[in-house]
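Student: Next up is a structure, given as structure tokens.
Each reported figure results from applying straightforward, stated rules to the coordinates on display, with no laboratory input. Just so we're clear, the structure is a prediction, and the values are computed from it rather than from any experiment. Heads up, the Cβs are rebuilt from the backbone with ideal geometry, glycines too, and the neighbour counts pull from every protein chain shown.
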Amino acid sequence: MELLRELSEAFGPSGHEKEVRQVLRRALEGHADRIWVDALGNLHAVREGTAPDRLRVLLTAHMDEIGLMVVGHDESGGLRVRAIGGIDDRVLPGAQVWVGPDRIPGVIGLKPVHLLEQGEDEKVVKIDQLLVDIGAKGKEEAQRLAPLGTPMVFATRFEPIGALVKGKSFDDRAGCAVLAELVRGERLPHDLHAVFTVQEEVGLRGARVAAYAARPDCAFALEGTIADDLPKKKDVSPTSELCKGPAITVMDRTFIAHRGLVRLLVETAEALGIPYQFKQPGIGGTDSGAIHLAREGVPCGTVAVPCRYIHSPVSLLSPADLENTVRLMRESLARLTRKTLELAT
């Protein structure tokens, strides 16, 4: 939980992952056999396996989070912004943000309810109509404090909430925490090539570079995924649910999971009594979407920690789901063989 807290509160929108990378590098020193950073900013950590006939397994978790970027300055001193990654305009008005890595506090402004004209209260205010208020006295001060291109993230602190924890950027700092624990644990039969990737939220860019460099026999993307488990008007299947264990992907918008790896995960979970669930097929995307197309092709799977309210100012997750994701991955990697990777017919 302490590592997840550090990761959650780190400043790291796409293209600005340095602070997250520093947290992870400190956590991995003394555990990985080799650590380095590539030209794009991915953090690589290799842990050699113990088996004579060992596989090279690529494991990824992306460091970047959604955010905003300054694209203009209003005469009043407000900042005009655009999204970095996928953000729903509905969650923005009134949200608090940290502007730049120095964390200048800001608030996303909204017209007071008393001044709304008829029908305005029923409309979603688009991002290009919003201003971020950092208390600047005018345009010149705003330009000095937050020049064009300055990134910002939601200002959310990590803390317990009932049996859950809340924080920002669990997509994918939860996956980063899982991957770090795998590297820091006991050695496994296979070589683990762990890569904490950059720029996933804007096109799986870091994963494409990582997969090309690693030349893996197979790969797993570790994620924080949608938990759409709150009451609804009609009975529909949730994407995944909190406290029901890690979510295994069968298919999303970017790839179809290797059937042998899905079978391995399910059989391992059932043999050891680890709770698991399937993510609702056909939605979202992960690093696997880029990895499985690298070089001659890579068998891929994706396992995720369910999180409520991802891509918003605050997310919730279950510590038990996080721990069970670590356990499922560790035990599955211990059972992985070359036969697992045989092409399913």
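Student: I need 329, 69, 251, 63 ordered by Cβ neighbour count within 10 Å, fewest first.
Tutor: Exposure proxy ranking, most exposed first: 251, 69, 329, 63.
Student: If Lys and Arg each add +1 and Asp and Glu each add -1, what is the summed charge of the other residues whose beta carbon sits under 13 Å from the beta carbon of residue 215?
Tutor: For residues surrounding residue 215, the net value is -1.
Student: Search the structure for amide H atoms under 5 Å from the amide H of residue 72, placed 1.01 Å from N in the peptide plane, and list their residues when 5 or more places away or on another chain.
Tutor: It is 80, by chain and number.
Student: Taking neighbour counts of Cβ atoms within 10 Å as a proxy for exposure, in what order, fewest first, do 60, 156, 337, 249 appear?
Tutor: Least crowded to most crowded, the residues run 337, 156, 249, 60.
Student: Here's a follow-up. Tell me which residues come under 5 Å, amide H to amide H, from residue 302 once H is placed; ignore anything under 5 positions away on its chain.
Tutor: Residues meeting the criterion, in which the H sits 1.01 Å from N, are 221, 249.
Student: What is the log10 of I(q)/I(0) for the chain, computed with the Debye formula using one identical point scatterer on each Cα and no solvent, at q = 0.08 Å⁻¹?
Tutor: Listed by q, the Debye log ratios stand at -0.39.
Student: With labels modelled as points extended 7 Å from the Cα through the Cβ direction, what inter-label distance (nm, one decimal) is found for residue 334 paired with residue 102?
Tutor: About 5.0 nm, to one decimal.
Student: Quick one: Debye curve from the C-alpha atoms of the range 68-154, no solvent, what's log10 I(q)/I(0) at q = 0.14, 0.20 Å⁻¹?
Tutor: So the normalised log intensities work out to -0.46, -0.88.
Student: When the helix-only estimate is applied to the chain (DSSP H runs of n ≥ 4, each -39,500 (n - 2.57), divided by the residue count), what is the mean residue ellipticity at 222 nm, nearest 500 deg cm²/dmol?
Tutor: -7500 deg cm²/dmol
Student: Let me ask another. List, in order, the whole-Hz ³J(HN,Hα) value for each residue of the range 206-222 obtained from phi through the Karplus relation with A = 6.51, B = -1.76, C = 1.60 and θ = phi - 60°; use x for Gly and Pro.
Tutor: x, 5, 5, 5, 4, 5, 5, 6, 6, 6, x, 7, 7, 8, 10, 9, 10
Student: Right, here's the next one. With θ set to phi - 60° and the Karplus curve 6.51 cos²θ - 1.76 cosθ + 1.60, what are the ³J(HN,Hα) couplings of the range 64-79 in order, to the nearest whole Hz, using x for Gly and Pro?
Tutor: Per residue, the Karplus-derived 3J(HN,Hα) values read 6, 10, 5, x, 10, 9, 6, 10, x, 10, 7, 4, 6, x, x, 9 Hz.
Student: Tell me, 212, 276 in order of fewest to most beta-carbon neighbours within 10 Å?
Tutor: 212, 276
Student: Which residue, 272, 68, 28, has the most motion in a Gaussian network model of the chain that connects Cα atoms within less than 10 Å?
Tutor: Result for the chain, Cα springs under 10 Å: 272 fluctuates most.
Student: Can I ask one more? Show me, for the range 302-307, the HN-Hα J-couplings you get by feeding each phi into the Karplus relation (A = 6.51, B = -1.76, C = 1.60, θ = phi - 60°), rounded to Hz, glycine and proline as x.
Tutor: After applying 6.51 cos²θ - 1.76 cosθ + 1.60, I find 10, 10, 9, 8, x, 9 Hz.
Student: Follow-up. How many angstrom lie between the C-alpha centres of the range 150-221 and the range 270-305?
Tutor: One Cα centre to the other: 14 Å.
Student: Next question. Starting from the Cα of residue 184, step 7 Å along the direction of its Cβ; do the same at residue 137; then give the gap between the two resulting points in nm.
Tutor: 4.7 nm
Student: Quickly rank 299-310, 96-107 as a protection proxy: mean count of other C-beta atoms within 10 Å, highest first.
Tutor: 299-310, 96-107
Student: Hey, what's the Cα Rg ratio for the range 199-345 versus the globular rule of thumb, 2.2 N^0.38 Å?
Tutor: Against the empirical 2.2 N^0.38 Å value, I get 1.04 for the range 199-345.
Student: I'd like to know which of 71, 86, 100 lies farthest towards the positive end of the charge dipole of the range 68-154, counting +1 on Cβ of Lys and Arg and -1 on Cβ of Asp and Glu.
Tutor: 100
Student: Then there is this: Pick from 248, 66, 108: which is most flexible by mean-square fluctuation in a GNM of the chain where alpha carbon atoms under 10 Å apart are linked?
Tutor: The residue with the greatest mean-square fluctuation here is 108.
Student: While we're here: Mind listing the long-range amide H neighbours of residue 56? Cut-off is under 5 Å, sequence gap 5 or more, other chains count too, H placed in the peptide plane at 1.01 Å from N.
Tutor: Here 217, 218 satisfy the definition.
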